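The values are calculated or read from the model by the stated rules, or taken from the named source; none is laboratory data. Predicted, not measured: the structure shown is a model, and the values here were computed from it. Because the Cβ atoms are built from the backbone with ideal geometry, glycine has one as well, and the counts that use them run over all protein chains shown.
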Amino acid sequence: MSSTMSPSTVGETTDASAVNGMDATPTTGASSFGNVIDGLQALQGQSQDLAVKAVTGSVDDVHTATIAATRAQVTLELVAAVRNKGVDAFNEIMRMQA
């Protein structure tokens, strides 16, 4: 089983370095945040696809769509919190220099 996300493997991972389907290896700031945003967009896309399938009745397990939507929501909240902390840190550094 791979660590990529598919509707049948939501919530499952075989690689301890993978977090929410994103590689957790350390990289530099901007590229790392860009990778997280790409992963978030993938989670949101998967959530939307599963939501459409759940509404049209083409998915066997509605729980899969619910779990995907919740994962996308929690990941979005985490990314927003990290962004806010980064902005706060930047503003604090700018205040110290003034």
Just to be sure I understand the filter: pairs with C-beta atoms under 7 Å, separated by 6 or more residues or on different chains, first member in region 28-44 and more than 16 Å from Ala65 (Cα to Cα), second member at pLDDT 90 or above and not in a helix (DSSP H, G or I). Which pairs pass? none
So which residues in region 39-79 are surrounded by fewer than 12 Cβ atoms within 10 Å (Cβ to Cβ) and among the hydroxyl-bearing types (Ser, Thr, Tyr)? Thr56, Ser58
Reported set for region 80-90 where residues are within 22 Å of Gly45 (Cβ to Cβ) and either at pLDDT 95 or above or loosely packed, with under 13 Cβ neighbours inside 10 Å (or both) is Ala80, Ala81, Val82
Candidate set: region 19-33, residues that are surrounded by 12 or more Cβ atoms within 10 Å (Cβ to Cβ) and at pLDDT 80 or above; chosen: the one nearest to Val74 (Cα to Cα): Phe33
Could you tell me whether any residue of region 11-18 is over 19 Å from Thr75 (Cβ atoms) and modelled with pLDDT of 50 or more? no
